[in-house]
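S.K.: Structure provided below as structure tokens; questions to follow.
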Amino acid sequence: MSAETARIALRSHAKVNEMVKEKVERYLINLSLTFEEAGENVWVIKDEDAGLENVIVFVEDSLLTIRVKVMDIPQQGRPELFEELLRLNADMIHGAYAIEDQSVILIDTLELPTMDLEELQASLDATGLALAQHYASLSKFRD
């Protein structure tokens with residue numbers, strides 16, 4: 001790759017990143033959510049009124065991921081917790097519960113090129129709803 005080709009590719013990548021940033025931030029603003037930029041293509045929603053506290057939104061490749069830590073995995077009752085998570089996943093409209101390291105997370109992914117405002121809103125609404133509706137059934141597993 002020539003030096004000129006590398007410069008063009010770098011400018012193109014920067015332009016794509018700026019377009020991604022503008023799209024995601026415009027949608028978050030249009031949804032009237034409180035958020036802050038936490039890094040390149042990473043945002044943290046801190047909107048208690050919407051039921052979305054410390055929800056991470058990030059873009060990698062062509063996917064927008066919504067992720068929130070729900071709880072630590074307890075030392076006791078793990079099989080029962082995992083069974084409950086599977087049951088709750090069956091009722092999820094968007095996203096799913098998952099295990100990451102020693103945490104239970106709620107995660108959803110959207111294809112960024114075709115994602116529209118309504119799709120992002122539906123995913124965030126479903127995330128907030130799941131966190132609220134499932135709090136009681138999951139809180140009995142907390143240490």
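S.K.: Quick one: in the stretch 86-125, of everything that is aliphatic (A, V, I, L, M) and touching a Gly at 6+ places or on another chain (Cβ under 7 Å), which residue is farthest from Ser137 (Cα to Cα)? First the steps, then the outcome.
M.R.: Our first condition is that a residue be aliphatic (A, V, I, L, M); within the stretch 86-125, this holds for 86, 88, 90, 92-93, 96, 98-99, 104-107, 110, 112, 115, 117, 120, 122, 124.
If we keep only those that are touching a Gly at 6+ places or on another chain (Cβ under 7 Å) too, we end up with 106-107.
Working: Leu106: 15, Ile107: 18 Å.
The residue in question is Ile107.
S.K.: Another question about this same structure. Going through the stretch 39-85 one residue at a time, which ones are among the acidic types (Asp, Glu) and touching a strand residue (DSSP E or B) at 6+ places or on another chain (Cβ under 8 Å)? Steps first, please.
M.R.: Here is the first cut: in the stretch 39-85, the residues among the acidic types (Asp, Glu) are 40, 47-49, 53, 60-61, 72, 80, 83-84.
Within the stretch 39-85, Asp47, Glu53, Asp72 qualify.
S.K.: Further question on the same structure: How many residues are at pLDDT 95 or above and aromatic (Phe, Trp, Tyr) if we restrict to the stretch 107-143?
M.R.: 0
S.K.: For residues in the stretch 1-48 being of a type in the set (Gly, Ala, Ser) and not in a strand (DSSP E or B), which is modelled with the lowest pLDDT?
M.R.: Out of the qualifying residues, it is Ala9.
S.K.: Please work out if Glu100 is within 24 Å of Asn17 (Cβ to Cβ), of a type in the set (D, E, K, R) and surrounded by fewer than 18 Cβ atoms within 10 Å (Cβ to Cβ).
M.R.: Details: within 24 Å of Asn17 (Cβ to Cβ): no; of a type in the set (D, E, K, R): yes; surrounded by fewer than 18 Cβ atoms within 10 Å (Cβ to Cβ): yes.
So Glu100 fails the test.
S.K.: Ok, one more. Among what's in the stretch 54-88 and is of a type in the set (Asp, Glu) and at pLDDT below 95, pick the residue that is surrounded by the most Cβ atoms within 10 Å (Cβ to Cβ). It would help to see each step written out before you state the result.
M.R.: Narrowing the stretch 54-88 to residues of a type in the set (Asp, Glu): 60-61, 72, 80, 83-84.
Within this subset, residues satisfying the condition of being at pLDDT below 95 are 60-61.
Numbers: Glu60: 11, Asp61: 5.
In this case the residue turns out to be Glu60.
S.K.: Considering only residues that are touching a residue at least 24 places away in the same chain (Cβ under 8 Å) and within 19 Å of Glu80 (Cβ to Cβ), which ones fall in the stretch 94-129?
M.R.: Passing the criteria: Tyr97, Ile99, Gln102, Ser103, Val104, Ile105, Leu106.
S.K.: Counting only residues that are over 15 Å from Gly128 (Cα atoms) and touching a residue at least 60 places away in the same chain (Cβ under 8 Å), which one in the stretch 25-51 is surrounded by the fewest Cβ atoms within 10 Å (Cβ to Cβ)?
M.R.: Out of the qualifying residues, it is Asn30.
The values are calculated or read from the model by the stated rules, or taken from the named source; none is laboratory data. Being a predicted model, the structure only gives us computed values, none of them experimental. Please note: Cβ atoms are built from the backbone with ideal geometry, for glycine as well, and neighbour counts cover all protein chains shown.
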